[in-house]
Amino acid sequence: MYTERPACLAGAVVWTNTPAGPAGAPVLPDGCMDLLWHEGRLLVAGPDTRAYTPQGPPATWSGIRFPPGTAPALLGVPAHELRDRRVELTDLWPAGRARWLRARVAAAAGPEAGLEEAALLLAAETGPPDPLLGRLVAALDAGRPVGATADQLGLGARQLHRRALAAFGYGPKTLARVLRLQRALALARAGVPYADTAARAGYADQAHLARDLRQLTGRTLGVLLGGG
């Protein structure tokens, strides 16, 4: 069973997932990074460019999902170094600092509360997120072309690409595809017909939506919605 709620950290989501069977549901690309708690371990989930299927026997995972572009500043690691990876925090931080944060999470009333507290501590150390990154996400999520977005932000194409790699793990075109995928999934889950979903999410047509789903998730929309 999967549950989530808004975190006290603005834009973040605290979640827990206990799979009902041996095959866990795939984790789809969403432009985000997560701090994870699993059987006493702290891990970081990097940005995905394809669906990720958890391996191993069913077990409970808890996490805090950071808004797109914010986790690298909190964790001190460029997003592109973690692309399509799940990494132990001890491999990213000095051992003492990683043990300190793990102890804070373990001492909390539960993993979700501990992860939320950890995120607030990290945010207090690093300060507010870069507003330019929020504007970039908002523009691309609204379907604006990458070139027009770069002009709007006052960045050259190379500058924008470099900033996107560090913050999101991939370039702005891939980020735009991932955000478009999430728009389509939200519409389809709300019951919007597939053809209308494709048009409203920004695809050329339903076939374009189907191709993009296959490339990013390896699945059809019907399968992702639980239809088989």
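Assorted remarks:
- Using a cutoff of 8 angstrom between alpha carbon atoms and counting only pairs six or more residues apart, the relative contact order for the stretch 1-153 works out to 23 percent.
- Surrounding net charge for G40, when Lys and Arg each add one and Asp and Glu each subtract one, Cβ distance under 14 Å: +2
- Net charge over other residues, Cβ less than 14 angstrom from the Cβ of L136 (K, R count +1; D, E count -1): +2
- Dipole of the chain, positive end: most advanced residue of L42, P78, L120 [Cβ charges, Cα centre]: P78
- Probing with 1.4 Å while keeping every protein chain in the model, the per residue accessible area of the stretch 1-77 equals 44 Å².
- When the surface is traced with a 1.4 Å probe over the full set of protein chains, Y170 keeps roughly 10 Å² accessible.
- When the Cα positions of G56, G156, Y170 are compared along the charge dipole of the chain, G156 comes out farthest toward the positive end, with charges on each C-beta of Lys, Arg, Asp and Glu.
- In a simple Cβ point-charge model (Lys, Arg +1; Asp, Glu -1; nothing else charged), the chain has a dipole of about 460 debye relative to its Cα centre.
- Summing +1 for each Lys or Arg and -1 for each Asp or Glu among the other residues whose beta-carbon sits under 12 angstrom from that of V14 gives -3.
- Within the chain, helix-based [θ] at 222 nm, where runs of 4 or more DSSP H residues each add -39,500 (n - 2.57), nearest 500: -14000 deg cm²/dmol
- Within the set (1) 32; (2) 29; (3) 51, the number that percent of Cα pairs over 28 Å apart takes when calculated for this structure is listed as (1).
- Cα gyration tensor, the stretch 76-133 - rounded (a/c under 1.5), prolate or oblate: oblate
- Projecting the Cα positions of L132, A201, L89 onto the charge dipole of the chain (unit charges on Cβ atoms of Lys, Arg, Asp and Glu, taken about the Cα centre) puts A201 furthest along the positive direction.
- Whether the stretch 28-107 is rounded, prolate or oblate, judged on the alpha carbon gyration tensor where a/c under 1.5 counts as rounded: oblate
- Inverse mean reciprocal Cα-Cα distance (Kirkwood Rh) of the stretch 145-228, Å: 13.8 Å
- Solvent-accessible area, 1.4 Å probe, carbon plus sulfur percent, for the stretch 93-228: 56 percent
- Average accessible area per residue (Å²) across the stretch 112-203 - probe 1.4 Å, nucleic acids and ligands excluded: 48 Å²
The values are calculated or read from the model by the stated rules, or taken from the named source; none is laboratory data. If you're wondering where the values come from, they're calculated on a predicted model, not measured in any experiment. No Cβ is skipped: glycine too gets one built from the backbone with ideal geometry, and neighbour counts run over all protein chains shown. Remember, those area values only see protein heavy atoms, side chains included, never the ligands or the DNA or RNA. Shrake-Rupley method; radii C 1.70, N 1.55, O 1.52, S 1.80 Å.
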